[in-house]
Every structure is written in C-alpha cells, then in structure tokens.
Amino acid sequence: MEKSRITINPDICNGRPVISGTRIAVQTILEYLGAGDSFDEILSDYPSLSKEDIYACIQYASKLMANRYEVQEIA
C-alpha cells in the first residue's frame with residue numbers, strides 16, 4: 001500500500017495536515033484552488049509537488065467533509 005501523501009505531526013506546522021515530506025499545508029493548496037489557481041500555477045509556485053499531491057489534498061478535504069458535524073452554542 002502506498003504511503004499516505006498527507007501527514008499530521010504536532011511538531012510540524014502546529015499539527016496541521018501537510019503534504020508528506022514538506023511543510024506545505026493542505027489548507028494552503030485548497031486556498032490556491034479556491035482562488036481559481038490551476039494545478040500548473042500551483043506546481044509552478046511549489047515545484048517540489050506533483051499533481052498527485054494536489055489530488056491528495058482534495059481527497060483529504062473530501063474525506064473530512066464526509067464526517068457529520070454539528071454546531072453547538074457554548075454559554
């Protein structure tokens with residue numbers, strides 16, 4: 001089985017999910033995509049990444065959204 005492209009380590013980027021072997025947060029890549037940047041533009045800014053890394057970020061976010069969330073009022 002292929003090693004996960006997304007890792008979480010409390011000592012790297014304050015425990016945010018990052019692309020394995022980098023300090024590039026999944027959130028950063030998703031923000032680029034949300035702003036309308038293409039894969040090629042992202043890869044130009046981050047030449048150490050691959051298209052598979054970007055797809056892994058999208059898949060990771062999709063899996064998170066598959067969870068059930070509730071908003072609770074506090075106090």
Which residues, counting only those in the range 17-72, are open to solvent by 40 Å² or more (accessible area, probe 1.4 Å), assigned to a loop (DSSP other than H, G, I, E, B) and of a type outside the set (Ser, Thr, Tyr)?
Gly21, Arg23, Ala35, Gly36, Asp37, Pro47, Ala66, Asn67, Arg68, Glu70, Val71, Gln72
Please go through the range 1-16 and give me each residue that is aliphatic (A, V, I, L, M), loosely packed, with under 15 Cβ neighbours inside 10 Å and under 20 Å from Lys63 (Cα atoms), ordered by number.
Met1, Ile8
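The values are calculated or read from the model by the stated rules, or taken from the named source; none is laboratory data. Nothing here was measured: the structure is a model prediction, and the numbers come from that model. Every residue, glycine as well, gets a Cβ built from its backbone with ideal geometry; the counts of neighbours run over all protein chains shown. The area values use the complete protein model at the heavy-atom level, side chains included, leaving out ligands, DNA and RNA. Shrake-Rupley method; radii C 1.70, N 1.55, O 1.52, S 1.80 Å.
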